[in-house]
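Working notes, structure below.
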Amino acid sequence: MNGSLALALRTLRRTPGFTAVAVGTLALGIGATTTIFTVVNGVLLRPLPYEQPERVAMIWNDLGEGAQSLPAVSALDFLDYRERSRAFQDFAAASGPSVVRLRGNLTGEGDPERVDLAPVTANFFPLLGVAPILGRTFTAEEEQANGPRVALLSHRLWQRRYGGDPSLVGRTIAIDGIEHVVVGVLPETFRLHLPAEAFLLTDAEVWTPLQFDYGRAPPRNFTGFTVFGRLAEGASWEQARAEMDGIAAQLRAEHPVHAGSNLRIRVVPLHHDVVKHARPALLVLMGAVALVLLIACANVANLLLTRAAAREGEFALRAALGAGRRALARQLLAESGVLAVAGGALGLGATFWAMALLRALRPANLPRLADIRVDATVLGFALLVSLATVVVFALVPALRAAGADPHGALQHGTRGTGGRERQRIRDVLIVAEVALSVVLLVGAGLLMRSFLALQGVRPGFEANDVLTFQLALPAARYPSDTAQLAFYQRLDERLRALPGVRTVAQVSKLPLTGSGTLQPFAFDEETARNWESVTADERVVSPGFFDAVDAGLVAGRAFTDRDAAGAPRVAMVDETLARLAWPGENPVGKRLQVEPTGSEEPFVEIVGVVEHLRMNDLSRQTLPQIYWPLGQSAPSSVAYVIEAATEPAALGAAVRQAVAELDRDLPVSRLAPMTDYVSANAAQRRFSLILMAALGGIALLLAAVGVFGVISYSVSQRTREFGIRLALGEDPGHTRRSVVLGGMRVVALAIGLGLAAALAGGRYIAGLLYGVRAADPLTFGAIAVLLALVAMLACYLPARRATRVDPALALRGE
């Protein structure tokens, strides 16, 4: 074997051009495959970093058609889960109702900064199997309402702000002006992975006990907890789902609010919930790189067949001198193995480069981005793919060499025998290459058209001239709505005075940042009787907000300074809610029920209707929307929107200074143009498009090289024939056309097969598309024309060479 390997290395060194093309082709195929597998491994295959993560669940509540379906549970239902369930070992809760702050101002020991907070039950970290690297987790006493103020810090905050000082445990930090004792630091590897729909919780930097007073819990239709469960030993997911179905039936029977909403409880494995939106795109990309790898293998197999044909004299001589057929096949396999290993090494290097590019792109909607890395699994996969390619692309040439007739080869010289059979094999490989390339390019074309369609979507607002930032007023310093509104007014005046500022406004939650608080509403007897059967996404906005973002006013008026505390209670709705509640009518002046029947003030007057704003996703409308005036409901945390007459980002320094002049301990967070939110929302589609386009480009290149190589070899084998035809007076143009048409017949068959395969496989990519059908005729036609033009060029270059043959030299066989 060592002798075969040494001979293979010497042989490949003698043909550097062939070796470079073969290794480069394999590097493209293996590198692309390994890169996508690295992403798939990190996102879909690697377990979540918890103890027995396959037994951890998210609990969803479905509240009927048209109402919410979210991983959100009421506090009292959470207690019932704990008491009644036997299939679960335990339940833990995080977050809470809106009075629990999910972001806070961290002050002291450095500049003030805004940090994410996560209130959790004392058993939260034990349920996940996560232990601090310093200190401890929370105790049951600390979870009690009005219990001790303590906190756990994330490893990244501990390192960034406190320099990894271990003495921080036991010391106090100030969050919103309230001192908390640091009781521990979480591991560096800990991240809280959540489904995209989780809006009450995030992977936080500061964790506090969920000190909730269950004796004063809101009604059960107030879903303020994010609930996790761990299956009991011996329990299955089927048992857990059946049990929770039974508990839901009990709750519906016991509580009219649940009966009215037709409560359903869903149990979803956490890992599945986290990756469910990314899974289809990643599986499509994994299938795409498998096609690229097959194209690369077919290309190298064609190269090896051509090279083996040129070496038939060599093989025949070695066979005549006593070399067995197995030895010849082993030699070719050894050469192929060297090519595959070299290609795999280069491909793995390309994977490291691609991972650096991925981290730079940072697709915002790709879950588990921090878990995507080249590890032992990826290295093993790269080795396995490299070895598998040896079998795929070297098997046919090796069998051909082992089955060749040495006597025939010696009698016919280096041209050998079996030319027609070899040509058929090459044609089959070319058909496979081009057909697979068509499938990839159609997929890339569909994603391109989908992405362009998405760019044309109006999200309900204009983002190009808007700067945004977020502020949160600590209750210790701004204890009342009056104090908060007074601060907002003073800051508004300073910001409006800045050069280049047109409009200043506030909103409780920016568009494209997810759902806000859900507001049940009713507009007829049925929805009033089945309270919470319909819900809306609610926002609090200041006068001028809709002008600042250029949202269209459909009817009525926007809020004014007159809509303040003490004035009649009013609201605005979007056109989706208006069509649902009052189809064909003017909603302005109508009354909308926003509290259960029997409440003190269940109705509110509608003063205006605006176009629907995309709150979650550019590609789809979601819940109806209700807007409240800031003057009648002052949230302690708001997002500012500033319509600028200049480049929005240029106002950043002036905005920070204006805030600091009013309160130097108040951090300005998430200062960014609104276009950043639009761009981030399209990040996952852009990520899929870039990868698919790259794979399609590689496939197109490999197919063109393959067609060129086969036609070139065919021309070289027919040099004498072309010389005779030219000597007899054939027009060179006719010769070129015959070569091109001969090649294009094979290509046309391949394009037809590829289009049929792309049409059949359209259902796998349909879920990734927006505004274009999977069987879009324009895309299919454009790709067919593109492949035909590239293939025609690949056929024409060898055809032109055929007409430059010197007839005299060709007739002499030179």
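The values are calculated or read from the model by the stated rules, or taken from the named source; none is laboratory data. Keep in mind that this is a model prediction, so the values were computed, not measured. Don't worry about glycine lacking a Cβ; one is built from the backbone with ideal geometry, like all the others, and counts go over all protein chains shown. Accessible surface areas use protein heavy atoms only, side chains included; no ligands, DNA or RNA. Shrake-Rupley method; radii C 1.70, N 1.55, O 1.52, S 1.80 Å.
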All conditions in (1) open to solvent by less than 50 Å² (accessible area, probe 1.4 Å); (2) under 22 Å from V428 (Cβ atoms); (3) out of contact with any Leu (no Cβ under 7 Å at 6 or more places or on another chain) are true of G762 except (2)
Mind checking whether some residue in region 748-755 is under 29 Å from the mean Cα position of the chain (by Cα), over 30 Å from D550 (Cα atoms) and among the aliphatic types (A, V, I, L, M)? yes
If T226 passes every condition in (1) in contact (Cβ under 8 Å) with a residue 40 or more places away in the chain; (2) outside any strand (DSSP E or B) but one, which one does it miss? (2)
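Can you spot a residue in region 277-288 that is open to solvent by less than 40 Å² (accessible area, probe 1.4 Å), among the aliphatic types (A, V, I, L, M) and under 30 Å from S74 (Cβ atoms)?
yes
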Quick one: count up the residues across region 519-551 that are within 26 Å of N681 (Cβ to Cβ) and open to solvent by 30 Å² or more (accessible area, probe 1.4 Å). 3
Do you know which of the residues in region 411-468 that are open to solvent by 80 Å² or more (accessible area, probe 1.4 Å) and within 21 Å of the chain's Cα centre (by Cα) is modelled with the lowest pLDDT? Q455
Give the residues of region 250-276 that are modelled with pLDDT of 85 or more, assigned to a helix (DSSP H, G or I) and open to solvent by less than 40 Å² (accessible area, probe 1.4 Å), sorted by residue number. L251, H258, L270, D273, V274, V275
Going residue by residue through region 76-83, is there one that turns out to be open to solvent by 30 Å² or more (accessible area, probe 1.4 Å), within 25 Å of L48 (Cβ to Cβ) and assigned to a loop (DSSP other than H, G, I, E, B)? no
Any idea how many residues of region 475-518 are of a type in the set (V, I, T) and exposed (fewer than 15 other Cβ atoms within 10 Å of the Cβ)? 1
Quick test of your reading of the structure: V43 fulfils all but one of (1) β-branched (V, I, T); (2) crowded, with 23+ Cβ neighbours inside 10 Å; (3) closer than 30 Å to A131 by Cβ. Name the failing condition by number. (2)
Considering region 552-571, residues that are β-branched (V, I, T) and part of a strand (DSSP E or B), and then whichever is surrounded by the fewest Cβ atoms within 10 Å (Cβ to Cβ), we arrive at V554
Please list, ordered by first then second residue, the pairs with beta carbon atoms under 7 Å, 6 or more apart or interchain, first in region 521-546 and more than 19 Å from S637 (Cα to Cα) and of a type in the set (G, A, S), second at pLDDT below 85 and not in a loop (DSSP other than H, G, I, E, B). S533/G260; S533/S261
Against the conditions (1) assigned to a strand (DSSP E or B); (2) more than 28 Å from R620 (Cα to Cα), where does L498 fall short? Just the number, please. (1)
Qualifying position, being at pLDDT below 80 and under 27 Å from S74 (Cβ atoms), among S85, S98: S98
Could you please give the count of residues in region 552-601 that are among the β-branched types (V, I, T) and within 38 Å of the chain's Cα centre (by Cα)? 4
Region 600-632, residues that are open to solvent by less than 10 Å² (accessible area, probe 1.4 Å) and small (G, A, S): G608
Subset of region 765-782 [in a helix (DSSP H, G or I), within 24 Å of Q684 (Cα to Cα) and open to solvent by 60 Å² or more (accessible area, probe 1.4 Å)]: G767
Quick check: is even one residue across region 726-740 in contact with a Leu (Cβ under 8 Å, 6 or more places away or on another chain), among the β-branched types (V, I, T) and open to solvent by 10 Å² or more (accessible area, probe 1.4 Å)? no
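Across region 358-368, what is the number of residues that are modelled with pLDDT of 80 or more and surrounded by fewer than 20 Cβ atoms within 10 Å (Cβ to Cβ)? Working first, answer last.
Within region 358-368, the subset modelled with pLDDT of 80 or more is 367-368.
Filter again for surrounded by fewer than 20 Cβ atoms within 10 Å (Cβ to Cβ), leaving 368.
Number satisfying all stated conditions: 1.
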